Amino acid sequence: MDQNKTPLFDAIMEYIEKKPAYFRIPGHRFERGISQRWKDVVGEEIFKFDLTETPLLDDLHNPEGSIKEAQELASEVFGAEHSYFLINGTTCGNEAMIASSAFSGQKIAIPRNAHKSALMGLIIGGAEPIYLQPELSLEEGIQGGITPQAVEEMFREHPDCKGVMVVSPTYYGICSDLRAIAKICHAHNAVLLVDEAHGAHMYFSKELPEGALEQGADMCAQSIHKVTGSLTQSSMLHIKSKLVDVGRVEATLHIVQSTSPSYLLMTSLDMARYELATKGTEMIENAVALSAYARERINAIEGMRCVGDSLIGKAGVKALDTTRLIISAKKLGISGFALLELLESEYGVDLELADYINVLAIVTYANTKEEIDRLIGALGDIARKNKGGNAIQNETVLPAIPPRVITPREAFFSKKKQIPWEEAKGEVAGEMIAPYPPGIPVIYPGEIMTAEVWDYIESYRVCGRHLHGPADPTLSYFHIVSL
Ligand SMILES: Cc1ncc(COP(=O)(O)O)c(C=O)c1O
């Protein structure tokens, strides 16, 4: 195919040039109805792209023209058989992958560290989850990978499992051995679904781990907006498989996507694909080079650490996306949360996230060396000012996965009761709790709050550490299922 083509962008340009008298949705009629105050700042041209389905502009839910061609171009770039533009992020991609692969009580293996959209996919489809525990990289205090051995064991116990989901790379750039996991899945006639929200750029550099489709995954969902050049909320779902029921995936996408898909988002996917197809290697290798430069300089700062290849081969880590900088100042006694706050408030350096031990910087092709130098300079300054602090210890050992009484779907639709946290032991959880670090949920809706899990959460709560998931993160109360 001619990757220089931009079918959706071209179709919109042709439509705009026709200057039609416009009586469709959206109501703002090109740029005319947009707030002048907004246009004074950002200009007006972009608003002309905010259109709707017309014969020229095709229909995301039944593509036959420019959107179909744009999706086919994307398939070619990522090596897929079918690709779908998502305007509801990888959130809806994960939901569609899960709900179309296992439903109505069928089994599916889900990593315990999955994004919350996996839980939503289980709620939509009603599948029965078999949870896989990722390994832990204790020294760094982060989640490792899912091992092929864990998948093998799961199939021994659940030979009727319809599929396995893996998050690879994770937020921290940790990649599991997808090639080996795909082989195991296929030997059991099950699909491998990969949440590749953070990995679309890896297809464009030999210095980065291979992408999921290159390693035999049947489906993957990618947040093109997270690591390449499309707008927030725009993602892609790819299929490369004989095992996937394509019609069912498409039907599920209708459930999880708006019937008014944004042409701005879809055009941004068309244009991001074009940029990647025509200069992706150069773009992504710029990010790889910038992060290698940053890693080396940060590791030369006394008290700072930015992990790299030493992670590989341990804790289920097959490979590492080196464009993720996992930085720790724990030797100086500075927690990840405090480091994030310092960098932002004192130095104007904004990082993606923090846990108790680390901060995470995402380096993309669009970062500049000047920005990297600001980060390095700030870390150097912080290290100088905090010499001699008492080192922080990481201690993460996860409790056993508690027994599940009902499916996440049953738990979601059950009546809930709010009770004091102190009384939650032995009850069926109505909500999920993921203590940070390592951010792995220790209880999911529908599971019994064992004493071990309760004690583990309590040890975080009393220290005021971050608890993700519950309606009240301070746990003055907790939601249980009232059976
Ligand atoms: C691992 C993972 N999967 C899925 C998602 C959801 O992606 P999106 O923001 O594109 O909906 C995220 C978002 O942060 C994520 O970190």
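Taken together, the values in this text are just the output of simple stated rules run on the coordinates, not laboratory data. Keep in mind it's a predicted model, so treat the numbers as computed, not measured. Because the Cβ atoms are built from the backbone with ideal geometry, glycine has one as well, and the counts that use them run over all protein chains shown.
General observations
- Within the chain, DSSP assigns beta bridges of which about 70% are antiparallel (rounded to the nearest 5).
- Relative packing of 188-194, 129-135, which averages over residues the other C-beta atoms within 10 Å, highest first: 188-194, 129-135
- The chain - charge dipole about Cα centre, Lys and Arg +1 at Cβ, Asp and Glu -1, debye rounded to 20: 500 debye
- Share of pairwise Cα separations in the stretch 80-221, more than 26 Å, in percent: 17 percent
- By the helix-only formula, in which each DSSP H run with n ≥ 4 contributes -39500 (n - 2.57) and the sum is divided by residues, the chain has a 222 nm mean residue ellipticity of -11000 deg cm²/dmol.
- Under Karplus coefficients 6.51, -1.76 and 1.60, residue-wise ³J(HN,Hα) of the stretch 314-326 in Hz, glycine/proline x: 10, 6, x, 8, 8, 7, 10, 7, 6, 7, 9, 9, 9
- Rounded FRET efficiency, nearest 0.05, which uses the C-beta distance separating L56 from D472 and R0 of 56 Å: 0.65
- Vicinal HN-Hα couplings computed from phi for the stretch 413-419 (Karplus, 6.51 cos²θ - 1.76 cosθ + 1.60; Hz; Gly/Pro x): 8, 6, 5, 10, 10, 8, 10
- Zero-based 5 Å bins, Cα pair distances in the stretch 209-315, whole percents: 2, 9, 13, 16, 17, 15, 11, 8, 5, 2, 1, 0
- Residues with amide H under 5 Å from that of V167, placed H, sequence gap 5 or more: D195
- Burial order of peptide ranges 122-128, 101-107 (average beta-carbon count within 10 Å, highest first): 122-128, 101-107
- The chymotrypsin sites (Phe, Trp or Tyr not before Pro) of the stretch 1-90 that meet both conditions, a loop assignment by DSSP and at most 14 other Cβ atoms within 10 Å of the site Cβ, are F23.
- Positive minus negative residues near F85 (Lys, Arg vs Asp, Glu; Cβ under 12 Å): -3
- Radius 12 Å from Cβ of E352, net charge of other residues (Lys, Arg +1; Asp, Glu -1): -1
- Extent along principal axes [Cα atoms of the chain; Å; largest to smallest]: 66, 56, 46
- If the chain linking D2 and K425 were pulled fully straight, counting 0.36 nm for each residue of separation and taking away their Cα-Cα distance, it would gain 146.2 nm.
- A crude spin-label estimate for the pair V462 and V42, with each label 7 Å from Cα along the Cβ direction, gives 4.9 nm.
- The residue list L132, L213, Y22 was ranked by how far each Cα lies along the charge dipole of the chain toward its positive end, using unit charges on Cβ atoms, and L132 comes out on top.
- The length gained by stretching the chain between E452 and L138 to full extension, at 0.36 nm per residue less their Cα-Cα distance, is 111.1 nm.
- Within the stretch 268-345, the trypsin sites (Lys or Arg not before Pro) that combine a DSSP coil assignment with at most 15 other C-beta atoms in a 10 angstrom radius are K314.
- Set of lysines with alpha-carbon distance to K242 below 23 Å, sequence-local pairs under 8 removed: K68, K107, K162, K183
- Signed unit charges on C-beta, dipole axis of the chain, positive-most listed residue C161, S104, G464: G464
- Modelled spin-label separation between H254 and L483, with each label point placed 7 Å from Cα along the Cα-to-Cβ direction: 3.8 nm.
- Here the Kirkwood formula, the inverse mean of 1/r across different C-alpha pairs, assigns the stretch 1-95 a hydrodynamic radius of 15.1 Å.
- Value of D in µm² per second that Stokes-Einstein yields for the stretch 281-385, Kirkwood Rh from Cα pairs, at 25 °C (0.890 mPa s): 177 µm²/s
- Modelled FRET efficiency - R0 22 Å, D309 with E285, Cβ distances, 0.05 increments: 0.80
- Neighbour net charge for T407 - beta-carbon separation under 12 angstrom, K R +1, D E -1: 0
- Distance between modelled label sites at K369 and E31, nm, 7 Å Cα→Cβ extension: 3.6 nm
- Packing rank of 238-247, 430-439, where each peptide gets the mean count of other beta carbons within 10 Å, highest leading: 430-439, 238-247
- Farthest towards the positive end of the charge dipole of the chain, among the residues S262, N299, V244, is the Cα of N299, using unit charges on the Cβ of Lys, Arg, Asp and Glu.
- The mean sequence separation of alpha-carbon pairs under 8 Å and at least six residues apart, normalised by the residue count of the chain, gives a relative contact order of 14 percent.
- The charge dipole of the stretch 351-469, taken about the Cα centre with unit charges on the Cβ atoms of Lys, Arg (+1) and Asp, Glu (-1), comes to about 140 debye, rounded to the nearest 20.
- Each Lys and Arg contributes +1 and each Asp and Glu -1, all at the Cβ; summed about the Cα centre of the stretch 281-385, the dipole is approximately 520 debye.
- In a DSSP loop and with at most 11 other Cβ atoms within 10 Å, the trypsin sites (Lys or Arg not before Pro) in the stretch 143-219 are K206.
- Span from the the stretch 169-236 Cα centroid across to the the stretch 461-478 one, whole angstrom: 32 Å
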